[in-house]
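Read-outs: derived from the displayed coordinates by stated rules, not from any lab. Values in this document were obtained by computation on a predicted structure and should not be read as measured data. Positions of Cβ are generated from backbone atoms using ideal geometry, with glycine treated the same way; all protein chains shown enter the neighbour counts.
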């Protein structure tokens with residue numbers, strides 16, 4: 001055994017040297033990106049070329065260049081020209097909580113492997129439950145992302161609403177959930193993992209604002225029932241991913257109560273609006289939900305990946321997974337401190353540290369300020385687009401997501417789709433801005449998620465000018 005090698009790996013001197021180097025490098029990176037000094041938001045490369053670079057670097061690259069190359073070859077979410085995916089420009093201090101979590105490596109499946117983070121998690125989830133409007137019977141936990149949280153919530157819904165014990169005995173008849181056709185694809189994925197099949201995903205059409213058309217709930221519910229499908233849950237989007245449109249949660253809540261089905265709110269992106277004094281009204285009805293998902297790594301300035309799953313009745317969090325590992329867990333259903341009894345993943349990172357530190361240092365005012373600013377900016381961007389004849393807004397934004405397209409003059413619909421696809425690809429390869437794209441009812445749109453607290457009207461105006469320039473070159 002090479003003990004000297006192991007001692008080198010755990011050298012505190014080397015750790016301190018590497019740590020000082022990367023903190024310095026990251027500080028420079030943050031300064032340059034947040035102030036827009038870096039010329040590019042993304043240094044685009046093809047997958048094949050990127051693979052070739054790193055394959056070669058493993059053998060021939062200089063180890064001291066590793067972090068510099070990573071920074072160079074990744075997307076700069078802190079750049080004000082980053083208007084792409086729904087990923088936070090993280091509060092820098094959360095990099096330190098992530099480091100503490102990585103060093104301590106407390107897996108948190110059982111209390112003694114995560115004493116502080118387990119208690120901290122309880123404090124955090126209790127605070128969020130209170131903000132939603134839940135009473136003292138509520139509770140929740142943190143888990144690894146919105147996809148896993150939505151799956152867990154639907155498993156809880158099935159456990160609570162379906163009389164047959166599907167978890168232990170398997171299906172004995174068709175089950176289904178109701179969800180908007182504009183909902184995030186992870187809801188479909190969760191339903192199929194649960195064995196509901198395509199027929200068990202009852203998709204409600206959207207209205208002109210791309211929100212769930214709640215006028216059709218009754219007919220779709222009755223149609224499913226006539227086909228022998230037992231509906232046990234309905235999912236409200238807060239908001240939908242493509243357009244950022246919020247479903248009418250208060251109406252869905254009333255429907256769920258009448259039908260005695262579980263009401264779940266996928267607030268992964270926009271659930272954080274509960275903290276905005278100005279915009280919290282768009283979440284009217286959320287306190288009636290049986291479960292709610294909110295991502296910390298989207299509108300709450302935290303690193304990927306951390307999500308809060310909250311329950312109106314905390315008993316549902318305890319009962320979702322009814323298997324027992326005698327060597328780990330006891331029968332006490334109120335042992336909130338044993339995370340592995342409630343979560344899908346059992347072992348998880350000490351993600352509660354991110355939430356707690358931000359609450360401790362800055363309070364709820366931080367999330368109010370950030371969400372409100374970004375939602376206000378989307379409204380301003382929408383007005384800018386409507387002032388330009390060259391652009392068409394897909395729908396008035398309800399959150400910080402804005403979908404639009406370049407229309408120009410005398411182009412057919414098919415030509416416009418091709419043109420906007422080309423515009424987006426050109427911008428990607430150029431790298432000065434990073435935005436994404438979506439298709440709504442067959443029409444191709446450019447899509448921005450205004451995630452960065454340093455993005456201003458000036459940056460958005462520059463983006464529109466660049467799009468016009470690219471479009472004119474493509475047309476000519």
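Results, tabulated for the structure shown:
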| read-out | value |
| --- | --- |
| Inter-site label distance for residue 65 and residue 16 at 7 Å from Cα along Cβ, in nm | 2.9 nm |
| Geometric extent, Cα atoms of the range 344-407 - Rg, Dmax (angstrom) | 18.1, 53 |
| Shape of the range 335-476, Cα gyration tensor, a/c cut at 1.5 | prolate |
| The range 106-357, relative contact order in percent, only Cα pairs under 8 angstrom and at least six apart counted | 30 percent |
| Relative packing of peptides 148-157, 206-215, 95-104, 57-66 - highest average C-beta neighbours within 10 Å first | 148-157, 206-215, 95-104, 57-66 |
| Hydrodynamic radius (Kirkwood) for the chain, which is based on Cα pairs only, to one decimal in Å | 24.1 Å |
| Rg/Rh (Cα only; Kirkwood hydrodynamic radius) as it applies to the range 235-284 | 0.99 |
| Counting DSSP beta bridges with both ends in the chain, the antiparallel % (nearest 5) | 55 percent |
| Pairs of Cα atoms farther than 33 Å apart, the range 106-357, % | 15 percent |
| Equivalent ellipsoid dimensions for the range 41-147 as semi-axes, Å, which come from the Cα gyration tensor, largest first | 37, 20, 12 |
| Net lengthening on full extension, residue 137/residue 304 (0.36 nm per residue, minus Cα-Cα) | 57.2 nm |
| Residue-span extension gain [residue 116 to residue 362] - 0.36 nm each, minus C-alpha spacing | 86.5 nm |
| Kirkwood hydrodynamic radius of the range 3-77, Cα pairs, Å | 14.5 Å |
| MRE, 222 nm, helices only [DSSP H, n ≥ 4, -39500 (n - 2.57), over the chain, to nearest 500] | -14000 deg cm²/dmol |
